[in-house]
Amino acid sequence: MLAKQGIVSAEDAAAIDAGLDTVAADYAANGVPEDLALEDIHMLTEAKLAQAIGPVAGRLHTARSRNDQVATDFRLWVRDAIDQVLAALTGLTHALLTRAEEHADAVMPGFTHLQSAQPVTLGHHLMAYVEMTARDISRFRDARARMNLCPLGSAALAGTSFPLDRQMTAAALGFDGPTRNSLDGVSDRDFALDYLTRSASSL
């Protein structure tokens, strides 16, 4: 995006891109090293990139701040966690449906106030959990839709004068679009609370 917008040269962008591939391969092979002199993964990655390609690495954070980078990373992590939960809940739903169909005629006692009550089938009982799981899936999908906006471009808190294409970076990272307010973009953590609340209340 920075190259497309003419903010960095095509040559520098290519060098940064190749260097990041080298850093990523090193992380994959050896893990992410701890360096207490560097505050976070962004400073560490830039330092590793500088070792690989030299001073050009300094252009990596052009028009960005660790504020909007961290906010974006956090959203990416929570979105991935929600996707894993949704996949698990979908698998559970399919398993419940299969068992419910198998036991559609298996009679069992229903319970109310800890006492046997009207007879039901095991299939009917299992379908109650299908309904519960469907509500959980709906809640997680709602949380995912609400949080799937990209903070990149908010910079430290008030945006940047560089001519960014925020739609491009948002699309590249799988977001539905960019966040609408820079202050909210870097400070919002509601999406994490949504995920925790949904997780605590599921089933």
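The values are calculated or read from the model by the stated rules, or taken from the named source; none is laboratory data. Every value quoted in this text rests on a predicted model; they were computed, and no experiment measured them. For neighbour counting, all protein chains shown are included, and Cβ atoms are generated from backbone atoms with ideal geometry for every residue, glycine included. In case anyone asks, the SASA skips ligands and DNA or RNA and just uses the protein heavy atoms, side chains included. Shrake-Rupley method; radii C 1.70, N 1.55, O 1.52, S 1.80 Å.
Do any helices (runs of 4 or more DSSP H) entirely within region 121-203 hold 1 or more residues that are within 17 Å of Gln84 (Cα to Cα), and if so, which?
122-147, 190-201
State all residues of region 93-145 that are modelled with pLDDT of 95 or more and among the hydroxyl-bearing types (Ser, Thr, Tyr); if no residue qualifies, say none.
Across region 93-145, the qualifying residues are Thr93, Thr98, Thr121, Tyr129, Thr133, Ser138.
Return only the number of the condition from (1) of a type outside the set (D, E, K, R); (2) under 22 Å from the mean Cα position of the chain (by Cα); (3) more than 24 Å from Leu183 (Cβ to Cβ) that His94 does not satisfy.
Only one criterion is unmet by His94, namely (2).
Within the set of pairs 6+ apart or on separate chains, which have a first residue in region 86-115 that is assigned to a helix (DSSP H, G or I), a second that is hydroxyl-bearing (Ser, Thr, Tyr), and C-beta atoms under 8 Å apart?
Close Cβ pairs (under 8 Å, with a partner that is hydroxyl-bearing (Ser, Thr, Tyr)) amount to Leu89/Thr133; Leu89/Ser202; Leu92/Thr133; Thr93/Thr133; Leu96/Tyr129; Leu96/Thr133.
Would you mention how many residues in region 43-61 are open to solvent by less than 70 Å² (accessible area, probe 1.4 Å), under 13 Å from Asp12 (Cβ atoms) and either at pLDDT below 90 or not aliphatic (A, V, I, L, M) (or both)?
Here the count works out to 2.
Matching residues to (1) surrounded by fewer than 17 Cβ atoms within 10 Å (Cβ to Cβ); (2) touching a strand residue (DSSP E or B) at 6+ places or on another chain (Cβ under 6 Å); (3) charged (D, E, K, R):
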{"site": "Ile7", "(1), (2), (3)": "no, no, no"}
{"site": "Asp12", "(1), (2), (3)": "no, no, yes"}
{"site": "Ser65", "(1), (2), (3)": "no, no, no"}
{"site": "Val70", "(1), (2), (3)": "yes, no, no"}
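Among the residues in region 102-120, are any surrounded by 17 or more Cβ atoms within 10 Å (Cβ to Cβ) and not polar (S, T, N, Q)?
There is no residue in region 102-120 that is surrounded by 17 or more Cβ atoms within 10 Å (Cβ to Cβ) and not polar (S, T, N, Q).
Are any residues in region 26-42 assigned to a helix (DSSP H, G or I), without any contact (Cβ under 8 Å) to a residue 24 or more places away in the chain and open to solvent by 60 Å² or more (accessible area, probe 1.4 Å), and if so, which ones?
Ala28, Ala29, Asn30
When Asp190 is evaluated against the numbered criteria (1) open to solvent by 40 Å² or more (accessible area, probe 1.4 Å); (2) without any contact (Cβ under 8 Å) to a residue 40 or more places away in the chain, which criterion, by number, is the only one it fails?
(2)
Give just the number: which of (1) over 28 Å from Phe191 (Cα atoms); (2) in a helix (DSSP H, G or I); (3) of a type in the set (Lys, Arg) does Lys4 not satisfy?
With (1) over 28 Å from Phe191 (Cα atoms); (2) in a helix (DSSP H, G or I); (3) of a type in the set (Lys, Arg) applied to Lys4, the lone miss is (2).
Look at Arg139 and say whether it is assigned by the TED database to the domain that holds Pro178 and open to solvent by 30 Å² or more (accessible area, probe 1.4 Å).
Yes, satisfied.
Which numbered condition trips up Ala128, out of (1) under 23 Å from Val78 (Cβ atoms); (2) without any contact (Cβ under 8 Å) to a residue 60 or more places away in the chain?
In the conditions (1) under 23 Å from Val78 (Cβ atoms); (2) without any contact (Cβ under 8 Å) to a residue 60 or more places away in the chain, Ala128 misses (1) alone.
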